[in-house]
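Worksheet for the structure shown next.
The values are calculated or read from the model by the stated rules, or taken from the named source; none is laboratory data. These numbers were taken from a predicted model, which means no experiment stands behind them. Note that each Cβ is placed from the backbone with ideal geometry, even for glycine, and that neighbours are counted across all protein chains shown.
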Amino acid sequence: MRRRREKPRDPARIGGTVHKVLGELGYDSNSPGLLLARGWEQVVGAEAARHSEPVDLNGDLLEVRADSPGWSQHLQLHRDEILARIAELLPTGAPTRMRMRIG
């Protein structure tokens with residue numbers, strides 16, 4: 001006898017799952033690092049966001065990874081503007097320094 005093939009379920013949105021797992025691990029979904037990661041494109045613009053990402057927020061130091069020296073330099077040149085936008089995005093815990101990493 002043949003088994004009835006089950007219909008595939010609709011795919012679940014991953015955002016809710018990620019927030020649930022992070023909560024179980026003790027991370028607050030409103031932590032400055034997660035808020036910054038979600039708002040990175042808003043902070044640096046769509047083009048720069050495709051070539052960079054925030055990788056660490058430790059106290060007042062933000063570490064950003066860029067995929068090339070050119071994008072690293074671009075972000076460094078706009079550092080003050082980027083930090084000001086981050087301060088608008090984050091109610092508390094905004095960094096005042098930024099360090100670049102290429103990779």
Over segment 54-90, the set of residues within 19 Å of residue 103 (Cβ to Cβ) and loosely packed, with under 15 Cβ neighbours inside 10 Å is 55, 56, 58, 61, 67, 68, 69, 70, 73, 76
- Query: Residues in segment 78-92: is at least one modelled with pLDDT of 95 or more, part of a strand (DSSP E or B) and not basic (Lys, Arg)?
  - Reply: no
All conditions in (1) buried (at least 16 other Cβ atoms within 10 Å of the Cβ); (2) in contact with a Ser or Thr (Cβ under 9 Å, 6 or more places away or on another chain); (3) within 17 Å of residue 31 (Cα to Cα) are true of residue 100 except (3)
Being closer than 27 Å to residue 17 by Cβ, modelled with pLDDT of 95 or more and touching a His at 6+ places or on another chain (Cβ under 9 Å) narrows 44, 64 down to just 44
